[in-house]
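Below: one structure, written as structure tokens.
Coordinate-derived values only; no laboratory data. Here the structure is a predicted model, which is why all the values come from computation and not from measurement. All Cβ positions, even for glycine, are placed from backbone atoms using ideal geometry, and neighbour counts span all protein chains on display.
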Amino acid sequence: MGRVTFSQFSKDIKKGVLAPVYLFAGEDVFRKKEEASKIRELLAPDEFNYVKEDASSCDMGDLLSLAGTAPVFSQRRLIILDNADKLKKAALEALCNYLSDPLESTCFVIMHNDAKKFKKDKILEESCSDSCVIVSFDELKSNQLGPWIEEHLSDKGLRIDPDALILLQEIVGADLSALNMEIEKLSLYLLDRAGKTVGQEDVLACVGLNKEENPFALSNAVLDCNRGEALKLAQKLLDGGEEPISVLNKISACALKMLRIKRLSEAGLTGAALQQAAGLMPWEGRLAAKAYIMPSSKALCRAVDKIIETDMGFKSGALLEPSIQIKGVILALLSR
């Protein structure tokens, strides 16, 4: 069968169609393990027909002998081999020999976790017979992370508000293992609730924060060019005891990001190309679409100069009334 897309592979698994060998390539180890677990759930092998080994420490001779043996009182045997990229030469050659003529009653899942090595050294791929399936598990791109979260929430009977989805990605990041843990927590948190839609407050509660403590509230307001909300949130942080320099740092990080986005936008870039060139995180795609509402790059440069001046003033102790200075920075940044 050779290479198949992840979509086709997923459809086959859901239909219960299994190949004798799966070669999982790419660096997204979490999704590989997740799919290997799905295959195990589908086959439900007993202890006599299931083996999981690490290539760096297993006896390849024993493992391949088992792979070539008919299952015990079962239709299929399942073998999972992790870290195939760490195989020594002799063990690799033995595995390649098996791949050329695998046993149909064995489902052998091989996880190769070094993408560069896999592309450079094609010995495993070239040894696969037509009955082997090769699936690439590249890290999820920016436009794939949100749907992945929504799909995993849907599996637990949950939906999520768009703003809550963005917040979850901002707080947790693109680590699928960490995101999966938060999804589990959200599932338990909403277990007894009639409405199964995850909101921002739910996300904050599950990570141990409340609405007022949202660490990204001020940044989001600045990036959305919401001057009134940014002024209010900055004042709330100062009133709550946060150091002026810390508040200023939040604003300056946004200003520099906006400047990158605006310059690229003015150069003609849009969408995914702008997002990649600006170095935006996977969940920040919305910012590329909001470039048109941001001040011009010249105005943003002036605002950055104001931020630098204010930063130096705070550090030297020359500036009084921090609240006024912070408000001045926000007004300079968000005035069009």
Give me the dipole magnitude in Debye, nearest 20, for the chain about the Cα centre, with unit charges on the beta carbon: positive for Lys and Arg, negative for Asp and Glu. 1260 debye
Tilt relative to the chain, helix 244-266 - C-alpha long axis, 0 to 90 degrees, to 10: 70 degrees
If you put +1 on each Lys and Arg Cβ and -1 on each Asp and Glu Cβ, how big is the dipole of the range 27-134 around its Cα centre, in Debye rounded to 20? 260 debye
Cα centroid separation, the range 157-224 to the range 278-336 (Å): 27 Å
Could you tell me what % of all Cα pairs in the range 25-146 have separations over 19 Å? 48 percent
Over 13 Å, how big is the tail of the calculated P(r) for the range 153-209, in percent of all Cα pairs? 55 percent
Counting only Cα, what are the radius of gyration and maximum Cα-Cα distance Dmax of the chain, in Å? 26.1, 82
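Which whole-number percent gives the relative contact order of the range 98-220, counting Cα pairs below 8 Å spaced six or more residues apart?
On the way: 72 pairs, mean separation 25.7, N = 123.
Normalised by residue count, the contact order of the range 98-220 is 21 percent.
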What span do the alpha-carbon atoms of the range 1-92 cover on each of the three principal axes, reported in whole Å from largest to smallest? 35, 34, 23
Cut-off under 5 Å, modelled amide H: who pairs with I110 long-range: Y22, L23, F24, L81
Can you pull the Kirkwood radius for the range 249-310, inverse mean 1/r over Cα pairs, to one decimal in Å? 11.7 Å
Quickly work out the E243-to-D155 label distance, labels modelled 7 Å from Cα along the C-beta direction, and quote it in nm with one decimal. 4.3 nm
Rounding to the nearest 20 debye, state how big the charge dipole of the range 79-206 is about its Cα centre with +1 on each Lys and Arg Cβ and -1 on each Asp and Glu Cβ. 340 debye
